[in-house]
Amino acid sequence: MFNQVYEYFISHEFETTKLVCAPLTCYNIKGTNFGISKHAACSDFEADFKIKVGNKNIRMHKECFQKISPVFDAMIVADEKKDTFHIDDFDFPTVRNSLRFAFNEDVTEDMTGAQMYDMIRFWKKYELYDYEHTLDYCTYEGTLIPLLRDLYLTDEIVKNTLPKTVVKDYYLYPDCCYSFKEIARTLDFQELDEAIKSEFLKQCCIEERKYVEEVKKQEEFYARIIYVFLGLLLLTLFCVILGITSPWDVFRRALRMLRRL
């Protein structure tokens, strides 16, 4: 039922709840102040697990905690009675934002490049699922240079994702994203290791060619569909003018005429 009415809603946002794994999604109806709130399936159950960062706790469900990372899952399987996980190498905002993002809450709007980079490092260390998507989503001018400097030559996913993301974002959003050629002229990029710069630029050139070819194939495909549609439209009009009820009659009459020649 919710999917059927979703088309009438124009905006949604997340409200912070006591459980990081159960965000509350608010949908507002166009032109009104009326909306509905969609709770996560686990929101009615008490938390049975907490993540301790310094002197602060993040409450959630153990089952949800297991689902977002094979590292977390293995830890719980090894000790099913464990109800607390201590994190000492990341600050509280990084852990909280990373977990909220893992449960589909977009927390990146007001984050700085440094904060987003720390979130990426958290995802990498604890092997949270969909790491590649997180890299793609969080890569912009504020995170690109640190990612290139610290992870590009050692992290295969980073190496494969960054050139694709930079090229794709520039072609999709040219007004707010830099091309890799513009990035290459910045002082921060020039200060990177030569091996990083040459490898990154080479991969960007390859990805740009692939992207342009893919766009061209899509344009050709859609052009064929338009030509077919126009052909069918003309055929229909031709049938109407001649008073032919079926398009197949056109082919039959054409075949008779060819036989007479």
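Coordinate-derived values only; no laboratory data. Keep in mind it's a predicted model, so treat the numbers as computed, not measured. Reconstructed Cβ throughout: ideal geometry from the backbone, glycine too, with neighbour counts over all protein chains shown.
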Check: Applying the selection to region 91-117, what residues are under 21 Å from Lys50 (Cβ atoms), of a type in the set (Asp, Glu) and free of Cβ contacts under 8 Å to residues at least 60 places away in the same chain?
Finding: Asp91
Check: Just wondering, is there one or more residues in region 152-165 that are under 15 Å from the mean Cα position of the chain (by Cα), closer than 30 Å to Lys52 by Cα and of a type outside the set (A, V, I, L, M)?
Finding: no
Notebook entry, point to check: Does Leu201 meet the test of being in a loop (DSSP other than H, G, I, E, B), in contact with a helix residue (DSSP H, G or I) (Cβ under 9 Å, 6 or more places away or on another chain) and either in contact (Cβ under 8 Å) with a residue 40 or more places away in the chain or farther than 24 Å from Ser98 by Cβ (or both)?
Noted result: no
Margin query: Taking the condition of being surrounded by 19 or more Cβ atoms within 10 Å (Cβ to Cβ), aromatic (Phe, Trp, Tyr) and in contact with a Lys or Arg (Cβ under 9 Å, 6 or more places away or on another chain), how many residues in region 114-152 meet it?
Written below: 1
Note to self: Within region 175-190, take every residue that is in a helix (DSSP H, G or I) and in contact (Cβ under 8 Å) with a residue 24 or more places away in the chain and give me the one that is surrounded by the fewest Cβ atoms within 10 Å (Cβ to Cβ).
What the structure shows: Asp188
Notebook entry, point to check: What tally of residues in region 68-90 results from selecting those that are more than 25 Å from Met116 (Cα to Cα) and assigned to a loop (DSSP other than H, G, I, E, B)?
Noted result: 5
Notebook entry, point to check: From the set of residues in region 91-113 that are under 16 Å from the mean Cα position of the chain (by Cα) and part of a helix (DSSP H, G or I), which is surrounded by the fewest Cβ atoms within 10 Å (Cβ to Cβ)?
Noted result: Arg100
Margin query: Considering only residues that are farther than 12 Å from Phe200 by Cβ and free of Cβ contacts under 8 Å to residues at least 40 places away in the same chain, which ones fall in region 152-174?
Written below: Thr154, Asp155, Glu156, Ile157, Asp169, Tyr170, Leu172, Tyr173, Pro174
